[in-house]
Amino acid sequence: MNWDVQSQTVLSDLEVESEENAQGELFDFAYPVEGGGEIVVSTTRPETMLGDTAIAVHPDDPRYMHLHGKHALHPFVDRKVKIITDAVLVDPKFGTGAVKVTPAHDWNDFATGKRHKLEEINILRKDGTLNENAGPFQGQDRFAARKAVKAKLEELGLARGSKVHALTLPRSQRSGTVVEPIISTQWYVRMKPLAEPAIAAVEQGKTTIVPEHWNKTYFHWMRDIQDWCISRQLWWGHPIPAWYCNACEHTHVAQQAPSKCDKCGGALRQDEDVLDTWFSSALWPFSTLGWPDKTPDLARFYPTDDLETGYDILFFWVARMMMMGIHFMGEVPFRRVLLSGLVTDERGDKMSKVKGNVIDPLDVIQGATLDDLLAKAKNNGAKDSGLDYLRKTYPEGFAAYGADAMRFTLLSYSPQTTKIALSIKRIEGYRNFANKLWNAARYVLMNLEGSGVQATQVRPDAHCFANRFILSRLATTILTVHLSIDEYRLDEASLALYHFVWQDFCDWYLELSKALLQSGDSAIVAETRAVLMHVLETSLRLLHPMMPFITEEIWQRIAKTEALQRTIMLAPYPEGGRDGLTDETVEREMAVLQAVIVATRAIRSERDIHPRLTLPLTLRCDDVPLRALVTREQEAIASLCKATVSVEALAGSAPVDNSATSVTEGVTLVVPLAGLVDDGKERERVERQLQKLEKDLQAIDKKLGNAGFVDRAPAEVVHKERERKAELEHSCVQLREALTKLKAT
RNA sequence: AGGCGCGUAGCUCAGUGGGAGAGCACUACCUUGACACGGUAGGGGUCGGCGGUUCAAUCCCGCCCGCGCCUACCA
């Protein structure tokens with residue numbers, strides 16, 4: 001058994017954690033051999049020598065041939081220690097090649113003891129002090145006894161030196177103390193028969209683990225499974241259903257307490273121990289639903305669809321629920337297991353009360369001062385270093401970021417990451433997102449005031465470019481969200497919504513809508529209002545599972561038709577269908593307009609032209625559909641660039657003195673700026689743009705000059721490269737012309 | 001020791017066999033009637049290293065280096 005002397009309970013293998021590379025000491029000492037001579041053994045736990053009942057050597061080791069079958073004399077207790085040969089336990093190359101054997105306090109020695117029928121002498125009491133078998137060391141704590149034993153061996157001249165030794169220390173997950181192997185009688189569950197069907201269930205796809213790569217870990221553990229010690233010496237838990245006869249010690253195991261001993265009729269006492277909490281937890285999928293009664297709940301919810309949890313309890317809980325579920329219910333408890341990463345602190349360290357780095361979600365949601373954080377950590381037993389970490393990392397404590405930001409942040413991490421290093425900065429970013437959504441809603445509601453427009457959850461028809469654009473982007477987003485959710489990629493779904501709301505809706509559409517709302521054309525205004533309402537309302541429904549509070553709050557403020565539900569919680573989640581209608585043409589056209597607008601703003605920014613000044617912008621283009629597009633949407637461009645826009649053909653157009661030029665998407669932008677022009681700066685800007693394009697062009701030329709590429713790559717790939725080349729060449733020509741012009745002036 | 005996974009911008013991380021991305025941080029300008037928890041424009045990466053497959057590799061394969069986790073062992 002693994003014994004935790006602090007909690008004074010048995011632990012299962014899974015509850016023992018390894019401390020790697022602990023600094024230990026390998027201590028050598030000599031046992032005097034009966035009839036003369038000595039044999040030197042090594043140990044990292046000198047106190048265990050009090051329980052030694054043998055010394056093992058390798059049967060073929062020539063150094064010890066003469067000692068086979070002899071006895072050593074124990075220096076502290078009246079005991080002869082047999083010298084045995086054992087090829088399993090002993091590695092003749094390690095240390096002295098002679099191993100002290102303590103069957104009662106070491107896993108390997110226990111097995112050796114069984115092979116050689118050695119006496120098992122327990123030297124430990126439950127609290128970690130030594131018992132009466134320890135002779136003169138009785139009553140000492142295990143670590144004090146270690147020192148005392150060493151000192152006494154030195155005194156007797158039996159110490160043979162020591163060296164530092166790195167070892168892995170088994171520590172209790174519960175208390176952190178070093179775990180002691182002891183011999184004790186406890187209840188175990190034989191795991192092989194339970195594991196086999198649980199392995200088969202995953203192999204046959206009855207239960208799927210997501211992400212899939214955890215299958216390997218699951219199988220690896222299940223196939224190499226150890227029996228499970230389920231007794232715990234704790235006051236909290238399910239009592240073990242075992243009864244012992246006071247008279248004859250016969251053991252009874254039953255669902256109902258037996259009244260007297262089956263064998264002798266004597267009085268019974270129940271086992272004082274309780275079941276491992278994980279044993280009880282393993283029953284959770286059905287024990288919570290009324291099992292063993294066949295309740296309607298059990299029929300309805302067993303098996304369930306999805307279980308979501310951290311990968312760190314795949315064995316503790318998931319695997320055991322699988323085994324118990326299959327055993328007791330005859331069926332797997334869930335169809336899918338979704339494993340997420342472990343939430344850690346910002347450094348990536350596992351949260352622990354002792355380290356003081358446990359982040360209480362409520363503090364993040366409601367806000368907390370540094371003092372609040374320190375008080376809570378201290379109360380949970382944090383060490384000073386942990387408190388220092390808090391002081392250093394959160395000098396201002398937490399602002400109140402809200403439950404929506406917290407939830408959205410957790411959703412934004414990829415499911416395949418093993419570590420979720422919860423960053424306050426990231427939470428703050430999503431808090432800002434919630435604020436952005438709130439302000440966008442304010443804008444929409446403000447512009448709908450008194451209009452009588454109601455949310456209908458029916459996609460309005462739209463003719464205006466901007467309205468068609470946002471409806472198409474909404475449709476694309478709905479499709480992306482559905483695809484992502486179907487693949488359990490909530491990170492992708494949340495990212496798609498974040499980008500849609502912030503970029504498409506706020507940065508582009510709301511800005512475009514301003515011109516439409518002020519157009520004075522009542523048909524356009526009505527259409528725009530309907531679209532604003534529809535997109536906002538649909539976005540809220542899309543976001544609701546990820547940001548339940550703010551979406552409900554806004555939704556309640558929206559005017560709605562009678563037919564709609566009272567709460568967004570009951571509103572249908574947006575589906576493809578009519579709302580999933582994307583419009584590739586409008587999205588492609590928008591890409592052109594966006595490029596033109598961004599290029600114009602870049603000119604403004606590079607030239608330090610104040611945002612309040614209106615730019616005179618001329619767009620030149622020979623491509624007829626393209627020119628038609630920018631002509632049709634010149635008011636939109638004007639609005640977003642704060643410019644007056646004119647459009648003309650490129651061919652035959654007159655050069656403009658003192659102007660800034662840019663080329664994008666086949667459109668040449670000219671901004672005449674008499675009096676404001678700094679030719680040097682402009683030349684730099686154009687040269688930089690030209691250089692970039694020429695570099696791209698070079699790469700494409702190299703590719704197209706490669707016969708292997710042209711011959712063997714798919715035709716559409718080659719075609720695409722040729723198109724790009726033409727486009728780049730055109731742009732370069734325009735820029736070179738602009739450069740010549742600048743140099744000439 | 002065995003198994004699994006990871007090395008991509010200063011940080012945290014997405015991603016793909018054919019033009020390197022996001023958020024934060026950073027720089028400049030801007031308090032414009034939704035929003036400064038904001039807007040606009042920028043800078044920043046030999047995609048860990050070396051080979052191989054391929055017309056083409058950040059992506060596929062092999063080896064190496066570094067890191068993390070799990071399992072086992074450690075007198």
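Quick note: the coordinates plus some simple rules give every number you see, no bench work behind them. Remember, predicted model here, so these are calculated numbers, not experimental data. Glycine gets a Cβ as well: all are built from the backbone with ideal geometry, and neighbour counts include every protein chain shown.
Put a dot 7 Å past each Cα toward the Cβ at A:Lys392 and A:Ala699; how far apart are the dots in nm?
It works out to 4.1 nm between the two label points.
Stretch A:Gln255-A:Arg736 to full length: gain in nm at 0.36 nm per residue minus the Cα-Cα span?
164.1 nm
Given axes a ≥ b ≥ c from the Cα gyration tensor, I'd like to know whether the range A:83-178 is rounded (a/c under 1.5), prolate (a/b larger than b/c) or oblate.
rounded
Sorted by mean Cβ packing within 10 Å, highest first, what order do the peptides A:314-320, A:362-368 take?
Result, highest mean first: A:314-320, A:362-368.
In straight Cα distance, which lysines are under 29 Å from A:Lys294, not counting same-chain residues fewer than 8 positions off?
A:Lys192, A:Lys206
Grab the alpha carbons of the range A:229-383, take their convex hull, and tell me the volume per residue in Å³.
179
Which whole-Hz couplings ³J(HN,Hα) result when phi for each residue of the range A:272-285 is put into the Karplus expression 6.51 cos²θ - 1.76 cosθ + 1.60, θ = phi - 60°, listed in order with x for Gly and Pro?
Using θ = phi - 60°, the values come out as 7, 7, 10, 7, 3, 4, 5, 5, 5, 5, 5, 8, 3, x Hz.
Considering amide H positions built from the backbone, and no H for Pro or chain starts, which residues 5 or more places from A:Thr207, or on another chain, come under 5 Å of its amide H?
A:Val202
Peptides A:411-422, A:4-15, A:49-60: what's the order by average Cβ count within 10 Å, highest mean first? Don't skip to the answer; put the middle values down first.
On the way: A:411-422: 16.6, A:4-15: 19.5, A:49-60: 22.3.
Descending packing order for the listed peptides: A:49-60, A:4-15, A:411-422.
With only Lys, Arg, Asp and Glu charged, each at its Cβ (+1 for the first two, -1 for the last two), find how big the charge dipole of chain A is about the Cα centre; round to the nearest 20 debye.
Its charge dipole is roughly 620 debye.
Between A:Ile183 and A:Ala399, take the C-beta separation as r, use R0 = 60 Å, and let me know the FRET efficiency to the nearest 0.05.
Efficiency, from the Cβ-Cβ distance: 0.60.
Can you tell me the FRET efficiency between A:Cys506 and A:Val710 if r is taken as the Cβ-Cβ distance and R0 is 51 Å, rounded to the nearest 0.05?
Efficiency, rounded to the nearest 0.05: 0.70.
Taking the Cα-to-Cβ direction at A:Phe143 and at A:Arg300 and moving 7 Å from each Cα, how far apart do the two end points lie in nm?
About 5.5 nm, to one decimal.
Helix-only mean residue ellipticity at 222 nm, chain A, DSSP H runs n ≥ 4 weighted -39,500 (n - 2.57), per residue, nearest 500. What is it?
Here the helix-only value at 222 nm equals -13000 deg cm²/dmol.
Can you work out the PRE-style zone for A:Arg724? Point 7 Å along Cα to Cβ, and I want the residues of the range A:588-627 with backbone N under 18 Å.
A:592
How many angstrom lie between the Cα centre of the range A:341-420 and the Cα centre of the range A:454-500?
Going from one Cα centre to the other spans 34 Å.
Please work out the C-alpha center-to-center distance from the range A:424-443 to the range A:537-603 and express it in whole Å.
With the range A:424-443 and the range A:537-603 each reduced to a Cα centre, they are spaced 16 Å.
Taking the dipole about the Cα centre of the range A:144-252, with the C-beta of Lys and Arg at +1 and of Asp and Glu at -1, give me whichever of A:Leu156, A:Ile199, A:Thr177 is farthest to the positive side.
A:Leu156
Past 28 Å, Cα to Cα, is the threshold; run A:Lys425/A:Lys642; A:Lys114/A:Lys152; A:Lys114/A:Lys350; A:Lys126/A:Lys147; A:Lys163/A:Lys392 against it and keep the listed order.
In this structure, A:Lys425/A:Lys642; A:Lys114/A:Lys152; A:Lys114/A:Lys350; A:Lys163/A:Lys392 lie more than 28 Å apart at Cα.
By a straight-distance test (C-alpha under 26 Å), which lysines pair with A:Lys695 as possible cross-link partners, with residues fewer than eight away in the same chain excluded?
Straight-line reach from A:Lys695, under 26 Å: A:Lys681, A:Lys703, A:Lys720, A:Lys725, A:Lys741, A:Lys743.
Label-point separation (nm) for A:Thr309 and A:Asp371, each offset 7 Å from Cα along Cα-to-Cβ?
Those two pseudo-labels are separated by 4.1 nm.
Say R0 is 41 Å: what FRET efficiency, to the nearest 0.05, do A:Trp291 and A:Glu449 get from their beta-carbon distance?
0.15
Which one, A:Leu615, A:Ile225, A:Gly452, projects farthest toward the positive side of the charge dipole computed for chain A from Cβ point charges (K/R +1, D/E -1)?
So the residue furthest toward the plus end is A:Ile225.
So, with +1 on the Cβ of K and R and -1 on the Cβ of D and E, and no other charges, what is the size of the charge dipole of the range A:281-385 about its Cα centre, to the nearest 20 debye?
Dipole magnitude for the range A:281-385 comes out near 320 debye.
Kindly rank A:272-280, A:181-189 from highest to lowest mean number of other beta carbons found within 10 Å of each residue.
A:272-280, A:181-189
Give me the number: length gained by fully extending A:Lys93 to A:Tyr573, i.e. 0.36 nm times residue separation minus the C-alpha to C-alpha distance, one decimal in nm. Show your work: numbers first, answer last.
Values: separation 480, 0.36 × 480 = 172.80 nm, distance 6.86 nm.
In short, 165.9 nm is gained.
Note the full-extension length gain between A:Cys264 and A:Leu156 as 0.36 nm times their separation in residues minus their Cα-Cα distance, in nm to one decimal.
Taking A:Cys264 through A:Leu156 to full extension adds about 33.4 nm, to one decimal.
Reported to two decimal places, what Rg/Rh ratio describes chain A when computed on Cα atoms with Rh from the Kirkwood expression? Could you put the intermediate results ahead of the total?
Details: Rg = 38.2 Å, Rh = 33.6 Å.
A ratio of 1.14.
Evaluate the charge dipole of the range A:103-248 about its Cα centre and quote only its size in Debye, nearest 20, assuming +1 on the Cβ of each Lys and Arg and -1 on the Cβ of each Asp and Glu.
Taking the Cα centre of the range A:103-248 as origin, the dipole is about 200 debye.
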